[in-house]
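Please read the structure below before turning to the comments.
The values are calculated or read from the model by the stated rules, or taken from the named source; none is laboratory data. Just so it is clear, the structure is predicted and the values come from calculations on it, not from any experiment. Here the Cβ positions follow ideal geometry from the backbone for every residue, glycine too, while neighbour counts run over all protein chains shown.
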Amino acid sequence: MNAALAPNPTYTDMLIPHPLLGLRDSAEFVYLGDAKLLLRPNADSETAADEFHDYLHLRDNPAGLHKELWFHEYGDRSWLVVTRDTLTHEISDVQLARDVVIANSEQQNGQEHA
């Protein structure tokens, strides 16, 4: 067998510490991209066209810590925001996406009223 095609004997699946269910294999999830997708632009904004263009087409590809959106397809079907180091795959934080959206909304409302 070609050594370049041989399976890596040290490879282990990435485990995601689900906030409600504990450690879960990453194979149960679908990766959906940058968690900035949760920050949808305001359609009523004067610059909505430009904001939606950036929202839909521009993505960061960082080396290092990155907040990602994962869907627990083969589990409780929850959406998670996973903070993961893209170089080492080490996960430093996992939150339910709904909690992140609620916190962002509360933060934005607080800034509007300040």
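Looking at segment 48-70, which of the residues that are aromatic (Phe, Trp, Tyr) and out of contact with any Phe, Trp or Tyr (no Cβ under 6 Å at 6 or more places or on another chain) is modelled with the highest pLDDT? Across segment 48-70, the extreme among qualifying residues is Phe52.
Checked against (1) part of a helix (DSSP H, G or I); (2) more than 22 Å from Asn104 (Cα to Cα), Asp50 meets all criteria but (2).
Look at segment 87-106: where a residue is over 19 Å from Phe29 (Cα atoms) and in contact (Cβ under 8 Å) with a residue 12 or more places away in the chain and a partner is among the aliphatic types (A, V, I, L, M) and surrounded by 11 or more Cβ atoms within 10 Å (Cβ to Cβ), sitting 6+ places away or on another chain with Cβ atoms under 8 Å, you get Val101/Leu38; Asn104/Leu38; Asn104/Leu39. All conditions but one from (1) more than 17 Å from His18 (Cα to Cα); (2) part of a loop (DSSP other than H, G, I, E, B) apply to Gly75; the one that does not is (1).
Here segment 53-72 is the region considered, the condition is being of a type in the set (A, V, I, L, M, F, W, C) and in a loop (DSSP other than H, G, I, E, B), and the residue that is nearest to Leu15 (Cα to Cα) is Ala63. Only residues that are surrounded by 12 or more Cβ atoms within 10 Å (Cβ to Cβ) and at pLDDT below 90 were counted across segment 71-114, and they come to 1.
Within segment 85-101, the set of residues being closer than 15 Å to Pro19 by Cβ and charged (D, E, K, R) comprises Asp93, Arg98, Asp99.
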